[in-house]
Each structure stands twice: as structure tokens, then as C-alpha cells.
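The next block holds one structure in the form of C-alpha cells; read it before the comments.
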Amino acid sequence: MRTSNRTTIDLDALGGLFPGRVATASELLGLGLPSGELGVRCRPRGPWQHLLPGILLLARTPPTRAQLVRAALRYGGPRTMLTGVDALQLHGMRALPATGPVQILVDRPVEPAAKVRVTRVRRLPEPVLRKGFLTAPLARAAVDAAGALCLRDDIRIVLTEVVRHGGVPVADLRPWLSRGSDHVRQVLAELADGVRSVPQAWARAVLDDLALPSPRWDVPVRTAEGRLLGIADAWWDDLALAWQFSTPRSRADLLAAAGVIVLHTPPARLRRLPAAVAQDLLRAATRAGRRPRPTIKAGGAAGGTTTGKESITLHR
């Protein structure tokens, strides 16, 4: 193509000028392309496509997630930063895949768009540069992700990961989430209560309806001489009863050989059949109460030993 200033533009190679082949219409017009040419090239089966209002992908292949992210940031304008699940992934969190609209933070009015979820704030947080993208800090990204999710387990997955693996204090999340949905508030209460994995949250929900004393969580169980037999995800000391739902079944052999009653519940059963799991627990507790307690001891430096609902860590 030849423009009025007699500069030849190779339209097929133009995409290489823009990171991710994502360009704004104003940038292309500034290079001398007529507006009609943009429309022609973005027709169905054309070599380009519209990603967002005023944002083009200079390729005909479906956009990658990275290209959608770049387009959303260009759409928001200067100072826009990435937040939500896409930002969590750039921070190294991998619990949930990035799907659906890209979430961005802006401090100015931005029109809604189908592929973007816009959150406007009075004051933007200090951004973090991750793989070339301006990204919200981890705590803020988690808050925005939780606010956009509908399923309680998805919210649990996101928030427990940033607290357990991202090192975000629960206190940093509480001011932002205390007015969220019922699911968000419930997960926030679980985190404040010490829950640090999704299976543990499911397990606690099962125990809420049982007439069993509160267990200890993530407890190392040892012989009388101090040799480690295994870890009980939940432990009833008076009964020498171990409940394992995060620990592999293979680790229960030494516990059982020492006389511990071990109930192993796969996480899928814990999630889908809580009433059946409750009956499993009651039967295991009955068996444990009918036999002499073995000479073993529980607790020590290998894991948390707090009682009741003050647990802190679970192996996923």
C-alpha cells in the first residue's frame, strides 16, 4: 500500500511492529492507513480482527490469553493495570486457570466491554511489573478475583492459595472482602479461623453436623519412643483416631499397624458425599472407642497441634 506521503507500508508485516500484534486504531491511522482499510481488513475472514472497541489484533488466528490481556490493558489506557486471576498467574499463583473477561483496574471512566471487567478506583495501588505487564499487587489481585467469582470453592481456591503460598496475611484481605458476597464472607471467616486448604474446609463442614469433639489438625503421630508413624489431617487423641483426606492412603499403613484407627476419605468423596462421609466418621469413632487405646503419642514439631478450630496448615 502507498500512502499520501509516499511511504510504502507492508500491511502483512505491520503486526511485527506491535507487541503481541495488538494495536490501537489510532496508532494505525497515525501510520497513514485509511479508516476504510481498517474496516476492510477486519471483515469476516479478513487478515485482522477487532478484539475490543478501538483495539485490533493484526492476525486472523484466535487471540491467545496474553493477547487478550494486552488488548485489555491498551483498552483501559495509560496507568491501567491487570488484576484478577490473570494477575494472580503472573504472581506465580496457579490454582485457577484464567478464563472469561480480563480484569483491569483504572482510575478514570472506561466504557464496559464484553471481554473486559473494569474496576474503577479513586487511587490505583503501586503496580508491579510482571513479564512486561503492569500488574496489581498480589493482595489486590486476589480481592478482585474473589469478587468476580461465583462458586464458593473457586473463591476458596484463590484465597487459600494467596494466603498459604503467597504469604498474604488474612488481615490484608479482610477490609476489602468483609462486604463481599455471602460466599466471600464465609471463606474469609474460614481463613481467619485457620483453614488453609479446600479439603480442610469441606472436612470442617462435615464435622459441623456431628456430635464429635473437635479434632486437632495436621498432627504428627509417633510411637512411644518418638518414631514418626505419619500425619493425621484430623486427629482425635482420646480415640487414637486419624482422619486422612489430604495425605496419600499409602501413608496410613504404619499408623494402622500401630493400632490407630485410620479413616481415609478421597477429596472427591468428601466434596460430593458429605452425608456418607459423616457416617463413615461415626463408624470409625465407634470402632476406635471399643478397643484399648494404643500406646502412641501425637504432636511435636512436624506439624500444627492446636486444638479445636485453630488449625493452620494442611498438606494438599
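The values are calculated or read from the model by the stated rules, or taken from the named source; none is laboratory data. Predicted model only: the values in this text are computed from it and were never measured. A quick note on method: Cβ atoms are made from the backbone with ideal geometry, for glycine too, and the neighbour counts reach across all protein chains shown.
In table form, for the structure just shown:
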| read-out | value |
| --- | --- |
| Selected residue [within 15 Å of GLN279 (Cα to Cα) and either out of contact with any Ser or Thr (no Cβ under 6 Å at 6 or more places or on another chain) or in contact (Cβ under 8 Å) with a residue 40 or more places away in the chain (or both)] from TRP243, TRP236 | TRP243 |
| Condition broken by LEU229, with the remaining ones in (1) under 26 Å from the mean Cα position of the chain (by Cα); (2) crowded, with 21+ Cβ neighbours inside 10 Å satisfied | (1) |
| Residues that are touching a residue at least 60 places away in the same chain (Cβ under 8 Å), of a type in the set (Val, Ile, Thr) and either in contact with a Leu (Cβ under 6 Å, 6 or more places away or on another chain) or not assigned by TED's automatic domain parsing to the domain that holds ARG140 (or both), drawn from the stretch 77-123 | THR83, VAL85 |
| Residue match in the stretch 52-74 (condition: touching a strand residue (DSSP E or B) at 6+ places or on another chain (Cβ under 6 Å), buried (at least 21 other Cβ atoms within 10 Å of the Cβ) and under 23 Å from VAL168 (Cβ atoms)) | yes |
| Top-ranked residue in the stretch 150-159 [being free of Cβ contacts under 8 Å to residues at least 60 places away in the same chain and surrounded by 22 or more Cβ atoms within 10 Å (Cβ to Cβ); ranked as farthest from TRP217 (Cα to Cα)] | ILE155 |
| Candidates VAL206, VAL143, VAL195, VAL187 - the one that is modelled with pLDDT under 95, part of a loop (DSSP other than H, G, I, E, B) and buried (at least 18 other Cβ atoms within 10 Å of the Cβ) | VAL195 |
| All positions within the stretch 246-276 that are out of contact with any strand residue (DSSP E or B) (no Cβ under 9 Å at 6 or more places or on another chain) and in contact (Cβ under 8 Å) with a residue 40 or more places away in the chain | PRO267, LEU270, ARG271, PRO274 |
| Residue within the stretch 175-184 that is more than 19 Å from the chain's Cα centre (by Cα), among the aromatic types (Phe, Trp, Tyr) and farther than 30 Å from ASP238 by Cα present | no |
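Residue by residue, here is whether (1) out of contact with any Gly (no Cβ under 8 Å at 6 or more places or on another chain); (2) at pLDDT 95 or above; (3) exposed (fewer than 13 other Cβ atoms within 10 Å of the Cβ) holds:
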| position | (1), (2), (3) |
| --- | --- |
| ILE261 | yes, yes, no |
| PRO267 | yes, no, no |
| ARG271 | yes, no, no |
| GLN279 | yes, yes, yes |
| ALA284 | yes, yes, no |
| ALA288 | yes, yes, no |
| GLY299 | yes, no, no |
| ALA302 | yes, no, no |
